[in-house]
Amino acid sequence: MKVLVVGNGGREHAIAWKLLQSKRVERVFCAPGNGGTASLSGAENIPYGVDDFAGMADFAHTNGIDLVVVGPEVPLALGITDYLQAQGLKVFGPVKAGAQIEASKAWAKALMQEAGIPTAKAAVFTDLSAAKSYIQSQGVPIVVKADGLAAGKGVIVAQTVAEAENALEMIFGGAFGSAGNFVVIEECLVGQEVSVLALTDGVTIVPLLPAQDHKRIGEGDTGENTGGMGAYAPAPIATDELMARVQTQVLEAAIAALRNRGIDYRGVLYAGLMVSPQGDFRVLEFNCRFGDPETQVLLPMLLTPLDELMLACVEQRLASMLPLQWQPGAAATVVLASGGYPGNYTKGKPISGIREAESLGVTVFHAGTKLASSQILTDGGRVLNVTATAPDFATALASAYAGIGKIAFEQMYFRRDIGHRVL
């Protein structure tokens, strides 16, 4: 098999790395890829942006691509799967109609309500004054969300009315472009977040191991939201009993509701849950793709060949692949970010020590990097994911941090408390 992976982040490096572990996969092309995929044996970067559908289609036909795997949400929301399928290509990732489950929080909320999926009480607004009146009537804390795609940064948990109103003014004022044409205001749920990523062929849906991300930039889960600063799996708070309820009340309910709307959803359906101290849960949001950095802890634990699972989803025969096989133990990843992230940061800083870190047994997935004249340089806000697997969480986390001790770049920032809940 030859596989084309669309995207340039840590998630896509992890997907390419995992695909190349399969005896069936001969070559992986990454569009556009990053410094990690450029350095990966058996992989090759190709110069197509994630929205260059025609260029990727031509490349796929010319090079005999057997499967296209779409990593990020933006091309899915723009309809890459529909376009490439119309060109006769096999694509892992939902069609544009299905990708609305992430591309519009208002659309997803309506689907959840229709399907009876447990979720937070919410209201949708297009008018600033009406939204402010609603916040004053509801009180705080309260959650203000840009409706559309905002790279994980369009959610503000407001502790005061002034903070909520500032968030509304920022979103309606264009901070997230057209993603802020609608605003969703939700009740603030309390508890621990859990990421449940599931594979589906539109009929069968099977969860991967539950994971826990660390969304805030600061230690102790403080500061601004980010795309994710670290993760671990399997998350112990997601007990077998809770996962059984998630299977029926969330995953199967969502796929049935999508089918009722005439949407044949194949790929990843990712439910972000809030689990209360009492063990109840509600869905915060859905995503239409693999999580980042959750993928970087899930794929190292997966023993079932990823290429076979993805093809089974595309060809609607996922049931034949069950049950999934997993390595025992735990996995953890810590994100190394550029100073200033999630705000302004600089690029082009040389990175040292990756090979020395990997000599300790960790895997370093590249997120925002590029390869220039055989030197790896920073090229994004989240730069690297240092990942370790071990028989237990304490060992996995200690290994990841030991690996970080070997890596350096100017203004490197990371949280030192990833996994604090599980420890």
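Annotations
- Sorted by Cβ neighbour density within 10 Å, fewest at the top, the residues 83, 270: 83, 270
- Peptides ranked, highest mean first, by Cβ atoms within 10 Å: ranges 225-238, 406-419: 225-238, 406-419
- Whole-number Å³ per residue for the convex hull built on Cα positions in region 2-95: 80
- Under 20 Å from the Cα of residue 96 - lysines, other chains or at least 8 residues apart: 105, 109
- Positive minus negative residues near residue 132 (Lys, Arg vs Asp, Glu; Cβ under 10 Å): -3
- Here 28, 50 are placed in order of increasing Cβ neighbour count within 10 Å, fewest first, which gives 50, 28.
- Gaussian network model of the chain, Cα within-10 Å springs - most flexible of 121, 153, 145: 121
- Spatial offset of region 251-329 relative to region 141-170 amounts to 27 Å, using the alpha carbon center of each.
- Cα-based Rg and Dmax for region 127-181, where Dmax is the largest Cα-Cα distance (Å): 10.4, 30
- For residue 142, the shell of other residues with beta-carbons less than 11 Å away shows a net charge of -2, using +1 for Lys and Arg and -1 for Asp and Glu.
- Helices in the chain, meaning DSSP H runs of at least 4 residues, each add -39500 (n - 2.57). Divided by all residues, the mean residue ellipticity at 222 nm is -8500 deg cm²/dmol.
- When DSSP beta bridges are restricted to pairs lying wholly in the chain, around 80% turn out antiparallel.
- Cβ-Cβ FRET estimate between residue 54 and residue 352, R0 fixed at 41 Å, reported to 0.05: 0.55
- Computed lengthening from residue 46 to residue 413, 0.36 nm per intervening residue step minus Cα-Cα distance: 129.2 nm
- Summarising the label geometry, the points placed 7 Å from Cα in the beta-carbon direction at residue 373 and residue 420 lie 4.2 nm from one another.
- With the highest mean first, a sort of the peptides 215-221, 248-254, 105-111 on other beta-carbon atoms found within 10 angstrom per residue produces 105-111, 248-254, 215-221.
- Alpha carbon centroid spacing (whole Å) that separates region 401-422 from region 12-68: 29
- For region 288-349, the relative contact order is 36 percent, taking Cα pairs closer than 8 Å that sit 6 or more residues apart in sequence and dividing their mean separation by the residue count.
- Near residue 421, once Lys and Arg are set to +1 and Asp and Glu to -1 for all other residues with Cβ below 14 Å from its Cβ, the sum equals -2.
- Set of aspartates and glutamates with alpha-carbon distance to residue 2 below 16 Å, sequence-local pairs under 8 removed: 12, 26, 44, 58, 66, 307, 308
- Relative packing of 128-135, 366-373, which averages over residues the other C-beta atoms within 10 Å, highest first: 366-373, 128-135
- Extension gain for residue 304-residue 280 works out to 5.6 nm (0.36 nm per residue, less the C-alpha to C-alpha distance).
- Whole-number percent relative contact order across the chain, with pairs defined as alpha carbons under 8 Å at least 6 apart: 16
- Residues 286, 92 in ascending order of nearby Cβ atoms (within 10 Å, fewest first): 286, 92.
- Note on residue 27 and residue 137: their simple-model spin labels are 6.1 nm apart, each label 7 Å out from Cα toward Cβ.
- The label-point distance for residue 203 and residue 317, in a model that sets each label 7 Å from Cα toward Cβ, rounds to 1.2 nm.
- Taking 0.36 nm per residue of separation and subtracting the current Cα-Cα distance, fully stretching the chain between residue 85 and residue 166 would add 24.9 nm.
- With contacts taken as Cα pairs under 8 Å at a separation of at least 6 residues, region 2-95 carries a relative contact order of 28 percent.
The numbers here are math on the coordinates, done by the rules we state, and not lab data. Keep in mind it's a predicted model, so treat the numbers as computed, not measured. Neighbour counts are summed over all protein chains in view; Cβ atoms, including those assigned to glycine, are modelled from backbone coordinates with ideal geometry.
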